[in-house]
Amino acid sequence: MKDIADVIIIGAGACGLFTAINIAEKAPHIRIRILEKSKEALSKVRISGGGRCNLTNAETNPREFVKNYPRGNRELLGVFSRFSSQDTVRWFSSHGVAIKQEADGRIFPQSNSSQTIIDCFLSLAKKYGIEILYQQNIHAFSYEQEVWKVVGNDTFYGRHLVITTGSNPKIWKLLAELGHTIVPPVPSLFTFATKDFFIEGLAGVSKQVSAKLLDSHLAPLKIPLIDKQGLVGALLITHWGFSGPTVLKLSAFAARILSELEYHFTLQINWLAEGEEILNAEETLSILQEEKQKHPRKEMQNHCPFSLTKKLWNKLLERSGVLPHQLWAELNKGQLHTLAKELTASTFSIEDKAPFKEEFVTAGGVSLKEIDFKNFRSKLFPTLYIGGEALDIDAVTGGYNFQNAWSGGYLIAEGVTSE
């Protein structure tokens, strides 16, 4: 006689465990079995947020929340209306996890340790009798006579199958064999590498800028959901190039375009973006001309009329052909125009991408057209559910990728238990 579980979940990550626990809480009689390929559960949770686990974000308006998803923003609007970041905070708080919100809106466990989340999930899994089998290498799964057959180290049977394996090419191949369309994965959330001498000696400098991406002809790239005027935010100069929230967001929203360009493109930076004000070249030139009249005997290196660090100012002077000991009075017309341009439209040749810490996010996965987002059910099979990053959904940093996992897991649990 076949040993048939009510639910088989492939993948013991954030979405998989959250799904299992919520199924168990809604229907304690349901038998749940999780199959995990590695030696432990929640490995990505452990390293996320530098080991702190950025659970979600404090933004409460779903329409604003979904703007952080290059792919999946339209589909997730209704999802987040049904299980929001506020619901996530309430859920973890009610399960004994103290929560804190940081100034930028990111939400973490008060312990500042992802182990708190791991302990919470594994404790609840044990409490509800959820079976987790590790080192299960899944070879195949099929739907036969209203039962799912999953072949791993052993053969397992279940009435419902939930796929929460993240960016797993092998599982995507198996889903494709069932008839699902897989959007080819490309990297998302990466930093920009350059060999430009400009970055030498500037590693660690952070500045609010307005940045945009240009093609080989220096024409702006048409990036979905990003204003053609550019993106305003913090940029960080590193030993290899450029990072920071602005670069990461650009990399995510332009992920497919940059992949097609083989990561050879141009980054344009306006260094004079303070608050809501972004100076253009004409306005900047006017300020420079005024400074020349006001401070003719001051050395260029010692008098910067903008909110720039001395190191950054001197690099921009060097890039403009202005000597550091040169007096303001000695600036000629050409130098003034060149400096105004460098301050508002510096361009850097980007020659490759670079990884972002331990985070690894891809754009790609199961086509969203084939999912019913009321409960993340496959439109091809009534008892197949797909959640998390196994779908063609990804987000920028700030807790958004995890919120997709929590909301998806909760709604999958509703779908499974309502049948």
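The values are calculated or read from the model by the stated rules, or taken from the named source; none is laboratory data. What you are looking at is a predicted structure, and each value in this text was computed from that prediction instead of being measured. No Cβ is skipped: glycine too gets one built from the backbone with ideal geometry, and neighbour counts run over all protein chains shown. Areas reflect the complete protein model, heavy atoms only, side chains present, ligands, DNA and RNA absent. Shrake-Rupley method; radii C 1.70, N 1.55, O 1.52, S 1.80 Å.
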- Message: If packing is taken as the average count of other Cβ atoms within 10 Å, what order do 394-400, 43-49 fall into, highest mean first?
- Response: 394-400, 43-49
- How many angstrom separate the Cα center of the stretch 275-350 from the Cα center of the stretch 400-419? 53 Å
- In debye, nearest 20, what is the charge dipole magnitude of the stretch 208-284 about its Cα centre with +1 on Lys and Arg Cβ and -1 on Asp and Glu Cβ, if you could check? 340 debye
- Message: In the chain, if the dipole is taken from +1 on Lys/Arg beta carbons and -1 on Asp/Glu beta carbons about the Cα centre, which of Phe121, Leu42, Gly334 is farthest to the positive end?
- Response: Phe121
- Given a 1.4 Å probe, how much area per residue of the chain is accessible, in Å²? 44 Å²
- Note on the structure: Scalar couplings 3J(HN,Hα) for the stretch 144-153 by Karplus 6.51 cos²θ - 1.76 cosθ + 1.60 (θ = phi - 60°), nearest whole Hz, x for Gly and Pro, are 10, 6, 6, 9, 8, 10, 10, 9, x, 5
- Query: Quick one: which of 103-114, 4-15 comes out on top by average Cβ neighbours within 10 Å, and what's the full order, highest first?
  - Reply: 4-15, 103-114
- Taking the highest mean first, how do the peptides 382-393, 277-288, 242-253 order by number of other beta carbon atoms within 10 angstrom per residue? 382-393, 242-253, 277-288
- Message: What are the ³J(HN,Hα) couplings of the stretch 166-173, residue after residue, when phi is run through the Karplus curve with 6.51, -1.76, 1.60 and θ = phi - 60°? Round to Hz, x for glycine and proline.
- Response: x, 7, 10, x, 5, 5, 4, 5
- Message: Test of understanding: what is the full-extension gain from Ala219 to Ser123, defined as 0.36 nm times their sequence separation minus their Cα-Cα distance?
- Response: 29.1 nm
- Partner aspartates and glutamates for Lys100 [C-alpha distance under 19 Å; skip if fewer than 8 residues away on the same chain]: Glu59, Asp87, Asp119
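Which value, in debye to the nearest 20, describes the size of the charge dipole of the chain about its Cα centre when Lys and Arg Cβ atoms bear +1, Asp and Glu Cβ atoms bear -1, and nothing else is charged?
Using only the charged Cβ atoms, the result is roughly 300 debye.
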- Task: For Lys298, list long-range residues whose amide hydrogen, built 1.01 Å from N in the peptide plane, is under 5 Å from its own amide hydrogen.
- Result: Trp328, Ala329
- How big is the C-alpha Rg of the stretch 148-265 next to the rule-of-thumb value 2.2 N^0.38 Å, as a ratio? 1.49
- With all protein chains present, how much of the accessible area of the chain (probe radius 1.4 Å) comes from carbon and sulfur, to the nearest whole percent? 51 percent
- Task: Answer with a single label: of (i) 0.90; (ii) 0.99; (iii) 1.17, which was calculated as Cα Rg over 2.2 N^0.38 Å from the structure in view?
- Result: (iii)
- Task: Express in whole angstrom the spacing between the alpha-carbon centres of the stretch 24-84 and the stretch 187-250.
- Result: 28 Å
- Task: Find, to one decimal place in angstroms, the Kirkwood hydrodynamic radius of the stretch 211-302, where the mean of 1/r is taken over every pair of different Cα atoms and then inverted.
- Result: 15.3 Å
- Per the Kirkwood formula on distinct C-alpha pairs, the Rh of the stretch 75-211 is how many angstrom? 20.2 Å
- Taking amide H positions as placed 1.01 Å from N in the peptide plane, with prolines and chain starts having none, which residues 5 or more places from Ile9, or on another chain, fall under 5 Å of its amide H? Arg33, Ile34, Leu35, Val162
- Non-local amide H neighbours of Gly166 (under 5 Å, H modeled in plane, Pro and chain starts lacking H): which ones? Glu389, Ala390
- Could you state the per residue volume, in Å³, of the convex hull enclosing the Cα atoms of the stretch 330-419? 162 Å³
- Which of the pairs Lys207/Lys292; Lys2/Lys39; Lys249/Lys369; Lys67/Lys212; Lys2/Lys26 have their Cα atoms more than 29 Å apart in this structure? none
- In nm, to one decimal, how far is the modelled label at Lys311 from the one at Ala58, with both set 7 Å along Cα→Cβ? 3.0 nm
- Item | Residue-averaged [θ]222 nm for the chain, counting only DSSP H segments that reach four residues, each worth -39500 (n - 2.57) | -10000 deg cm²/dmol
- Tabulate in residue order the Karplus-calculated ³J(HN,Hα) for the stretch 47-54, using 6.51 cos²θ - 1.76 cosθ + 1.60 with θ = phi - 60°, rounded to whole Hz; enter x for Gly and Pro. 9, 5, x, x, x, 9, 6, 6
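Kindly work out what percent of the DSSP beta bridges joining two residues of the chain are antiparallel, to the nearest 5.
Working: 51 of 68 bridges.
Given both bridge residues lie in the chain, the antiparallel proportion sits at roughly 75 percent.
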- Item | Nearest-ten-degree value, helix 85-94 long axis tilted from longest Cα axis of the chain | 60 degrees
